[in-house]
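Beneath this line is the structure, given in structure tokens, with notes to follow.
The values are calculated or read from the model by the stated rules, or taken from the named source; none is laboratory data. It should be emphasised that the depicted structure is a prediction, and the values quoted were computed from it without experimental measurement. All Cβ positions, glycine included, derive from the backbone under ideal geometry; neighbour counts span all protein chains shown.
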Protein chains: 2
Amino acid sequence: MQLQLSEIRIAGFGGQGVILSAIVLGKAASIYEGAFATMTQNFGPEARGGACSAQLLISGDPILYPYVTQPDIMVVMSQEAYSRFVPELKEGGTLIVEQDLVRVTDLPRQTKVYSCPATRLAEELGKRMVLNSVMVGFFTAVTKLLGADAVRRAVADSVPSNFRELNLKAFEKGYEYGVKSLAENPSSQELEHVSHVED
Amino acid sequence: MQLQLSEIRIAGFGGQGVILSAIVLGKAASIYEGAFATMTQNFGPEARGGACSAQLLISGDPILYPYVTQPDIMVVMSQEAYSRFVPELKEGGTLIVEQDLVRVTDLPRQTKVYSCPATRLAEELGKRMVLNSVMVGFFTAVTKLLGADAVRRAVADSVPSNFRELNLKAFEKGYEYGVKSLAENPSSQELEHVSHVED
């Protein structure tokens, strides 16, 4: 499989595992899919407010210019991140949100929206901190950008060994939720809580 | 203090805390010094070999182009990273190495070299894994790029709370070693184990 260049932004607040999610997806692409990935993190004024975001480029070819300009895919885990970054999403792009933390509004109709209650699913496993692995699993299922096994292996070798099993469970939970969402609602633009901007 | 643009590369192997070191320095610059920082990590073929490197830009002004081209400062924690990256170091640049893991050879005379037995110092604290905080402390002392207190605070809020105290001790150990190295040998190009290339 030759991966085409994909620009991804992951954003939320500190402690949600934004950077770790980007590292996991970057490793999955490069180490286990034989592709290339570059992760960029800005520490600017927004870092002082507790916001956190990472940019990830994934490509079948070496990446010469590593800066994300207009993301194809955005993973958003806080309302602040939503307001700040979603206007940059590419037309027809994919938006993945943490369902209970983000209210989706004013979105161009052609955006594909996928929504996952990752915090709740993580809490069912007893550890809210694995919400990022739930989101990574969900991302893997709905985008189909990377093989599930590649991402699973990247999760396994990116977390401390005593949390490996828990994070793999979290991955599966998110992945299954994503597979189910896709089956129930293949073009998930029609989520009830989404108010679309008139084109 | 207005920070001038500094390009930094940190490189070693997986598990040494390369990325965490870059995050700590980036946070210190942005959150505690009011400057800007951008961290970029490439996952390419080298990631498959266990090599790990991060690029960090620190600047008093917002950073428009985040890619490190020719680092001013390089922190190197493995021989492989040394061979691979040191040829890119800027003329007159600063090289910081893990003393027991890197043999420094074939270096232009004008390079400033600082050498720290970070693994050994970390082992004295009972945990080899804090070698990155030792290196960060050493970096802070010898480069004087960032205030020690800013970096200390960034260390404190970048590590899990149960390892905070240990990492702060590691930071102090590296910092003190750096202050002593500077005092004993202000221009540390003359390290015995360094063989310089004839200019």
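Rundown of residues vs (1) more than 21 Å from A:Val134 (Cα to Cα); (2) more than 9 Å from chain B (Cβ to nearest Cβ); (3) of a type in the set (Lys, Arg); (4) assigned to a helix (DSSP H, G or I), yes/no style:
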position: A:Gln2; (1), (2), (3), (4): yes, yes, no, no
position: A:Ile8; (1), (2), (3), (4): no, yes, no, no
position: A:Gly12; (1), (2), (3), (4): no, yes, no, no
position: A:Gln16; (1), (2), (3), (4): no, yes, no, no
position: A:Lys27; (1), (2), (3), (4): no, no, yes, yes
position: A:Cys52; (1), (2), (3), (4): no, yes, no, no
position: A:Asp61; (1), (2), (3), (4): yes, yes, no, no
Residues of segment B:63-78 being within 14 Å of chain A (Cβ to nearest Cβ) and among the β-branched types (Val, Ile, Thr), in sequence order, are B:Ile63, B:Val68, B:Thr69
If you go through segment A:11-24 one residue at a time, do you hit one that is buried (at least 24 other Cβ atoms within 10 Å of the Cβ), more than 18 Å from A:Asp157 (Cα to Cα) and at pLDDT 90 or above? yes
Every listed condition ((1) buried (at least 18 other Cβ atoms within 10 Å of the Cβ); (2) outside any strand (DSSP E or B)) holds for A:Tyr114 save (2)
Log entry, pairs with first residue in segment B:158-172 being in contact (Cβ under 8 Å) with a residue 24 or more places away in the chain, second being surrounded by 14 or more Cβ atoms within 10 Å (Cβ to Cβ) and among the hydroxyl-bearing types (Ser, Thr, Tyr), beta carbons closer than 6 Å, six or more apart or on different chains, reads B:Asn167/B:Ser133; B:Ala170/B:Ser133; B:Phe171/B:Ser133
### Query
Out of curiosity, is A:Thr105 touching a strand residue (DSSP E or B) at 6+ places or on another chain (Cβ under 9 Å), within 24 Å of A:Glu33 (Cα to Cα) and not aromatic (Phe, Trp, Tyr)?
no
In segment B:160-199, residues that are modelled with pLDDT under 95 and of a type in the set (Val, Ile, Thr) total 2
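Residues are listed down the side, and each one gets a yes or a no for (1) on the phi > 0 side of the Ramachandran plot; (2) modelled with pLDDT of 90 or more; (3) outside any strand (DSSP E or B):
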{"position": "A:Tyr65", "(1), (2), (3)": "no, no, yes"}
{"position": "A:Met74", "(1), (2), (3)": "no, yes, no"}
{"position": "A:Ala81", "(1), (2), (3)": "no, yes, yes"}
{"position": "A:Glu91", "(1), (2), (3)": "no, yes, yes"}
{"position": "A:Asp100", "(1), (2), (3)": "no, yes, yes"}
{"position": "A:Leu121", "(1), (2), (3)": "no, yes, yes"}
Going through segment A:31-48 in order, the residues found to be within 7 Å of chain B (Cβ to nearest Cβ) and modelled with pLDDT under 80 are A:Gly44, A:Ala47, A:Arg48
So is B:Ile8 crowded, with 24+ Cβ neighbours inside 10 Å and either in contact with a Phe, Trp or Tyr (Cβ under 8 Å, 6 or more places away or on another chain) or basic (Lys, Arg) (or both) or not?
no
Query raised in the report: Has segment B:128-149 got any residue that is buried (at least 24 other Cβ atoms within 10 Å of the Cβ) and small (Gly, Ala, Ser)?
Result: yes
Checked against (1) without any contact (Cβ under 8 Å) to a residue 12 or more places away in the chain; (2) surrounded by fewer than 16 Cβ atoms within 10 Å (Cβ to Cβ), B:Phe43 satisfies every condition except (2)
